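First up is the structure itself, then whatever we jot down about it.
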Ligand SMILES: Cc1cc2nc3c(=O)[nH]c(=O)nc-3n(C[C@H](O)[C@H](O)[C@H](O)COP(=O)(O)OP(=O)(O)OC[C@H]3O[C@@H](n4cnc5c(N)ncnc54)[C@H](O)[C@@H]3O)c2cc1C
């Protein structure tokens, strides 16, 4: 009996439709501003990703409005549900905060971190048909299929990184170990530490998925900073069934007024002691003008550069130094019987897929969802996402998984595709040095946020940026 092919549900994810007509190319210049303002807020936050929502949370006692171009809040923290099974459709997990104040902040938001701790092993590596569970632990490293020198070198690297944990933190304005930002991770591992090429190859899926490009294209600083948490035996990670969308929802619900979804900022101009915003309301199609005492732009710099003309004080050349990878996430829904040892399962030698997560199977309990991550490296990644047929993309991903796990395609009933066009900022060699040294976060009453200002694609970077932006906004509003 022939089995019918799974349904491919095309593109969810970000909403290029909301922005492209206005910004690509520069259509905003042709739009006329309404004379009468629709209203006024002390502060407007643009973008309801984690950075914008965090900024809004810390400004929730002020007169505040949040604009979001997408249909829902969360940015790349999205979720889905297949016949009662929730799953992350983008950002999935985060590290258990070791600082008491961060733990308290999560509690304040009603997030029970201890209940969502990931059971070990956190990571497993699938290489040439064989699983290597707990691949970042000491025992896991000893089992890796690399020459002896590679195992010894990797163990030494892990030990060195663990010793650096106390001095190497996120959010500080100086760059510890700046020399590590001048070379690629591949160069550092192979030339400076003499590790065999096989080690770099094993780390490639991790780098593509977490940092937006392979070890040749990301800075050693960024790669090692991420790996430090993986190697540390004290690290614990947290994952809610619907991923980091839980955090976005909690932040959004803590605001006095819900963010205005499908409201896209398309223009900004100075106005006396404040700022004028031109907003496209996609829900009741039309433009309106809004007045604000200060504006937090919690959107990627690929977009901010189109809103901030040189008279705001930012330099176009600086914006061009921000590079982004793209991403496809595929939720494979059905009667999946595959078992995988880790929460995050890395696959080597698979160009289409880097890793997947799969909730444990509950005996006799209906369908499961396997979330497969398919990063699209800079710079080729974005165009195919706009041009390629979802059907083609879905079948390709399924075929790639079938190559590694024969039989899986027949168990899938539905493939849901999510795309993120400018998903993650790319920390290429030299970028973090540029960011820390030169790029201004605030000019007048415009304050920038977004994880890309930290130079690293992770939720902690978004949260840190949101906190900093809120502090800057309060200083502007209270003229401190
Ligand atoms: C597929 C994927 C998986 C990931 N997994 C993890 C993970 O497991 N753990 C982790 O720590 N990190 C992960 N990350 C990275 C992390 O989730 C992100 O770095 C972080 O969530 C980004 O938050 P942000 O607020 O900076 O940006 P975004 O999420 O990009 O938010 C920006 C928001 O601004 C809105 N916007 C844009 N233009 C306008 C406009 N003109 N007007 C109004 N609104 C606008 C957008 O619609 C969007 O909602 C992942 C990233 C991706 C892409």
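The values are calculated or read from the model by the stated rules, or taken from the named source; none is laboratory data. From a predicted model like this one, the values you see are computed outputs, not experimental measurements. When we count neighbours, we look across all protein chains shown, and the Cβ atoms used for this are built from the backbone with ideal geometry, even at glycine.
Mind checking whether some residue in segment 385-395 is more than 11 Å from the ligand (Cβ to nearest atom), outside any helix (DSSP H, G or I) and under 26 Å from residue 170 (Cα atoms)?
Checking segment 385-395: not a single residue is more than 11 Å from the ligand (Cβ to nearest atom), outside any helix (DSSP H, G or I) and under 26 Å from residue 170 (Cα atoms).
Can you tell which of 306, 246, 289 is surrounded by 15 or more Cβ atoms within 10 Å (Cβ to Cβ), under 24 Å from the mean Cα position of the chain (by Cα), in contact (Cβ under 8 Å) with a residue 60 or more places away in the chain and more than 25 Å from residue 463 (Cβ to Cβ)?
Of the residues listed, the single one that is surrounded by 15 or more Cβ atoms within 10 Å (Cβ to Cβ), under 24 Å from the mean Cα position of the chain (by Cα), in contact (Cβ under 8 Å) with a residue 60 or more places away in the chain and more than 25 Å from residue 463 (Cβ to Cβ) is 306.
Any residue at all in segment 427-434 that's within 9 Å of the ligand (Cβ to nearest atom), more than 30 Å from residue 389 (Cβ to Cβ) and in contact with a strand residue (DSSP E or B) (Cβ under 7 Å, 6 or more places away or on another chain)?
Checked segment 427-434: no residue is within 9 Å of the ligand (Cβ to nearest atom), more than 30 Å from residue 389 (Cβ to Cβ) and in contact with a strand residue (DSSP E or B) (Cβ under 7 Å, 6 or more places away or on another chain).
Every residue, every condition in (1) within 30 Å of residue 159 (Cα to Cα); (2) more than 9 Å from the ligand (Cβ to nearest atom); (3) modelled with pLDDT of 95 or more; (4) part of a loop (DSSP other than H, G, I, E, B), yes or no:
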| position | (1), (2), (3), (4) |
| --- | --- |
| 234 | yes, yes, no, yes |
| 242 | no, yes, yes, yes |
| 249 | no, yes, yes, no |
| 252 | no, yes, yes, no |
| 255 | no, yes, yes, yes |
| 258 | no, yes, yes, yes |
| 267 | no, yes, no, no |
| 270 | no, yes, no, no |
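Before we move on, is residue 197 without any contact (Cβ under 8 Å) to a residue 12 or more places away in the chain and within 25 Å of residue 352 (Cα to Cα)?
Yes: the conditions hold for residue 197.
Among the numbered criteria (1) modelled with pLDDT of 95 or more; (2) within 16 Å of the ligand (Cβ to nearest atom); (3) in contact with a helix residue (DSSP H, G or I) (Cβ under 6 Å, 6 or more places away or on another chain), which one does residue 141 miss?
(2)
Mind listing whichever residues of segment 29-82 are more than 7 Å from the ligand (Cβ to nearest atom), touching a helix residue (DSSP H, G or I) at 6+ places or on another chain (Cβ under 9 Å) and part of a helix (DSSP H, G or I)?
53, 54, 55, 56, 57, 58 - these are the residues of segment 29-82 that are more than 7 Å from the ligand (Cβ to nearest atom), touching a helix residue (DSSP H, G or I) at 6+ places or on another chain (Cβ under 9 Å) and part of a helix (DSSP H, G or I).
State whether the residues of segment 273-280 include one that is within 19 Å of residue 45 (Cα to Cα), touching a residue at least 60 places away in the same chain (Cβ under 8 Å) and assigned to a helix (DSSP H, G or I).
The answer is no; no qualifying residue exists.
Any residue at all in segment 90-100 that's at pLDDT below 95, out of contact with any strand residue (DSSP E or B) (no Cβ under 7 Å at 6 or more places or on another chain) and more than 22 Å from residue 224 (Cβ to Cβ)?
yes
Would you say residue 465 is within 12 Å of the ligand (Cβ to nearest atom), under 26 Å from residue 312 (Cα atoms), in contact with a helix residue (DSSP H, G or I) (Cβ under 8 Å, 6 or more places away or on another chain) and not in a strand (DSSP E or B)?
Yes, satisfied.
Which residues, taken from segment 204-225, are buried (at least 22 other Cβ atoms within 10 Å of the Cβ), in contact with a helix residue (DSSP H, G or I) (Cβ under 9 Å, 6 or more places away or on another chain) and assigned to a helix (DSSP H, G or I)?
206, 207, 210, 211, 220, 221, 222, 223, 225
Tell me, please, whether a residue that is in the same structural domain as residue 459 (by TED's automatic domain parsing), away from the ligand (no atom under 13 Å from the Cβ), surrounded by fewer than 20 Cβ atoms within 10 Å (Cβ to Cβ) and in a strand (DSSP E or B) can be found in segment 314-329.
No; the residues of segment 314-329 include none that is in the same structural domain as residue 459 (by TED's automatic domain parsing), away from the ligand (no atom under 13 Å from the Cβ), surrounded by fewer than 20 Cβ atoms within 10 Å (Cβ to Cβ) and in a strand (DSSP E or B).
Considering segment 410-426 alone, what residues qualify as being outside any strand (DSSP E or B) and within 16 Å of the ligand (Cβ to nearest atom)?
Of all residues in segment 410-426, those outside any strand (DSSP E or B) come to 410-411, 426.
426 - this is the single residue of segment 410-426 that is outside any strand (DSSP E or B) and within 16 Å of the ligand (Cβ to nearest atom).
Checking the structure you have, find out if any residue of segment 163-173 is part of a helix (DSSP H, G or I) and modelled with pLDDT under 95.
Yes: one or more hits.
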